[in-house]
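> Have a look at this one.
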Amino acid sequence: MPKIAEIEDTPNPNAVKFMLKEPLTWGISHSYDNAEEAKSDTLASALFDIEHVTNVFYVDSCLTVTQDGEAHWPQLARLIAVPLREAPAADESSEALVAAAAVVIAGLSPEDQARFDKINAMLDEKIRPYLRSDGGDLHVIGFSGNFLSVHLQGACGSCPSSTSATLISITNLLRTIEPDIEVLSV
C-alpha cells in the first residue's frame, strides 16, 4: 500500500500531485479523462467515485488528480488519500511490462522509424522529465511525415499553458533534430 510522501501543487491550479513512498507502476503511465475510461482500473475508478475528480494520471511514484475547480483542495486531498493508501504498490513482476510498453507506431518505413526513434529519445531525455515534475506526461499518438501527434496527460492535459507554450517549446526543441516537425495536441 503506497504511503503519501508529499502533496505538491502543479502549474495547473486544478491539479495536485501526490508523491508516494512506493511506486504504483514501473514506468507505465495510466491516464484517464473520465470514469468510463477508468472502469477497468481499480484505483482510478475509486478516485472518479469522488465528487469533483475530472482526471486521474499516475506513473511510478506519482499520482496527479485534476478536479473541476469546485472543490477545496485540503478536503479533496483527504478523500483521495483513502483509495490511494488502499492501492497495491507495484511489484517486481510488473517491471517486465516496462519493456513491452515501448512506443510503437505501426507502418513506419525504416527511415521514418529511425527519425521517430530520435524524436522519442529526445522526448524521453528533455521533455517527459519536466512534464512529470509538474504532474503530467506526454503520450505519442502518431507520427506521419512531419507531424507528431501527442496527448498531454495529467496536470498538463488540462493546463492552459500546456496547450500553447508547452507545445511551442516541444516543437522548438524537436526542430533542432527535425527542422520541419509540427507537434499537434490530440
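> Percent of accessible area on the chain owned by carbon and sulfur, 1.4 Å probe?
Looking at the chain in its full context, I get 54 percent from C and S.
> In a GNM of the chain with a 10 Å cut-off on Cα contacts, which of Ser164, Ser109, Ser45 has the highest mean-square fluctuation?
The residue that fluctuates most here is Ser109.
> Highest mean first, how do 53-59, 76-82 rank when packing is the count of other Cβ atoms within 10 Å averaged over residues?
Averaged packing, sorted descending, gives the order 53-59, 76-82.
> Using the basic label-point model (7 angstrom from Cα toward the beta carbon), what is the Ile28 to Gln113 distance in nanometres?
The modelled label-to-label distance comes out at 2.3 nm.
> In Å, what Rg and Dmax follow from the Cα atoms of the chain?
For the chain, the Cα radius of gyration and maximum Cα-Cα distance read 17.0, 52 Å.
> Under the 0.36 nm per residue contour assumption, what length would be gained going from the current alpha-carbon distance of Ser144 and Arg175 to full extension?
Stretched fully, the Ser144-Arg175 segment lengthens by 9.6 nm.
> Please compute the Kirkwood hydrodynamic radius over region 116-186, one decimal place, Å, based on all pairs of different Cα atoms.
In region 116-186 this quantity evaluates to 11.9 Å.
> My understanding is that a pair violates if its Cα-Cα distance is over 31 Å; which of Lys3/Lys118; Lys17/Lys39; Lys3/Lys39 do that in this structure?
Distance filter (> 31 Å) returns Lys3/Lys118.
> For Thr54, which sequence-distant residues (separation of 5 or more, or a different chain) have an amide H within less than 5 Å of its own amide H, given hydrogens modelled in the peptide plane?
Thr66, Gln67, Asp68
> Can you give me the accessible area per residue for the chain, using a 1.4 Å probe, in Å²?
51
> Right, here's the next one. Before rounding to the nearest 500, sum -39500 (n - 2.57) across all DSSP H runs of length at least 4 in the chain and divide by the residue total; then give [θ] at 222 nm in deg cm²/dmol.
Result for the chain: -8500 deg cm²/dmol, rounded to the nearest 500.
The values are calculated or read from the model by the stated rules, or taken from the named source; none is laboratory data. What you see is a predicted model; the values in this text were computed from it and never measured. Reconstructed Cβ throughout: ideal geometry from the backbone, glycine too, with neighbour counts over all protein chains shown. Please note that ligands, DNA and RNA were not included when accessible areas were found on the heavy atoms of the full protein model with its side chains. Shrake-Rupley method; radii C 1.70, N 1.55, O 1.52, S 1.80 Å.
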